[in-house]
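Reviewing the structure listed below.
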Amino acid sequence: MSFLSRMKLVYQISLISIVALVIFAVVGTTQFVADQQRQSAQEIAKAATADQLVVDGISREFLNARRHEKDFVLRKSEEYITSHSEAAASVRSGLEELAGRKEIGELIGQVDQARAAFEDYVSEFANVVELQRKVGLDASSGLLGEMREAASEVETALGKIAQLEAMLGLSNTKDISIAVLKMRRDEKDFLATLDPVYVSNVDATAKEFDAALQKAGSIQDEKKGRTGQADDILYRGLQGAGRCRSCPRGIACAT
């Protein structure tokens, strides 16, 4: 006879009930543990999603900063400096938020590296902006503006002297005018190609200009001085722009 058959019915029912309770307890405990694990996994997934959203926002704003950087380099407009600054502020805010999230844990070192690298990038862009302003954001500002103004002054002065020489039958300023035309040609070639050879060409032509200016007997010494000063500004402006545009950053200091 089996074990249960030797027990009274009431004991059999009690034993079955106890076994059932144990089974329910095991199932309940298993369900509870599973729910806790599922809840923990959901919280981890939620935190990971939030982190990913922050990272996506940082990436998007950094791309905007690069776009504004390229727009500035191409168009030399102040509006892109402002836009770049706004994008940079958004990137900083995102990196700060990411660094403050507790689930980042051991990745905080990489976040700090990203923050340091970004600040280096912003600093380099500020250098580019400062140097481009020194060169000139347009044809009337910075070194470019000084150079164009000096060239215009030289050409105006030579035009007046040429008129006087025509009345007197002289041609002492012909070599000076040729030298100015050569420098203006090299100026435009340099601005179009950024080839430093044109700066060297202007250096050589400036010496020809000075020699021709000193030999021009029809020009008063006072006018020679003013014309020579204007030519010197023209040469130094182009030389400075050449140094600014040929540095490793794309433009460099024009000092």
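The values are calculated or read from the model by the stated rules, or taken from the named source; none is laboratory data. Just so it is clear, the model here is predicted, and its values are computed rather than measured. Ideal geometry is used to build each Cβ from the backbone, glycine not excepted, and the neighbour counts take in all protein chains shown. Remember, those area values only see protein heavy atoms, side chains included, never the ligands or the DNA or RNA. Shrake-Rupley method; radii C 1.70, N 1.55, O 1.52, S 1.80 Å.
Consider a paramagnetic label point 7 Å from the Cα of ALA50 along Cα→Cβ; state which residues of segment 88-105 have an amide N under 19 Å from it. Of the residues in segment 88-105, 93-105 have backbone N under 19 Å from the label point off ALA50. Can you tell me the FRET efficiency between ILE178 and ARG66 if r is taken as the Cβ-Cβ distance and R0 is 51 Å, rounded to the nearest 0.05? Once the sixth-power term is evaluated, E becomes 0.65. How high is the FRET efficiency between ARG133 and SER90 when r is their beta carbon distance and R₀ equals 30 Å, given to the nearest 0.05? FRET efficiency, ARG133 to SER90: 0.80.
Separation of segment 117-177 and segment 185-202, taken as the distance between their Cα centroids, equals 13 angstrom.
In this rough spin-label picture, where each label sits 7 Å from Cα along the Cβ direction, the SER59-LEU107 distance is 1.2 nm. Each of SER200, SER83 has its accessible area taken with a 1.4 Å probe; listed largest first, they run SER200, SER83. When the listed pairs LYS70/LYS188; LYS70/LYS207; LYS160/LYS188; LYS76/LYS182; LYS188/LYS215 are checked against a 32 Å cut-off, the alpha-carbon distance exceeds it for LYS70/LYS207.
Within the shell of other residues whose beta carbon sits under 13 angstrom from the beta carbon of ARG66, the net charge comes to -1, with Lys and Arg scored +1 and Asp and Glu -1. 3J(HN,Hα) along segment 90-96, derived from phi through the Karplus expression 6.51 cos²θ - 1.76 cosθ + 1.60 where θ = phi - 60°, amounts to 5, 5, 4, 4, x, 5, 5 Hz, with x in place of Gly and Pro.
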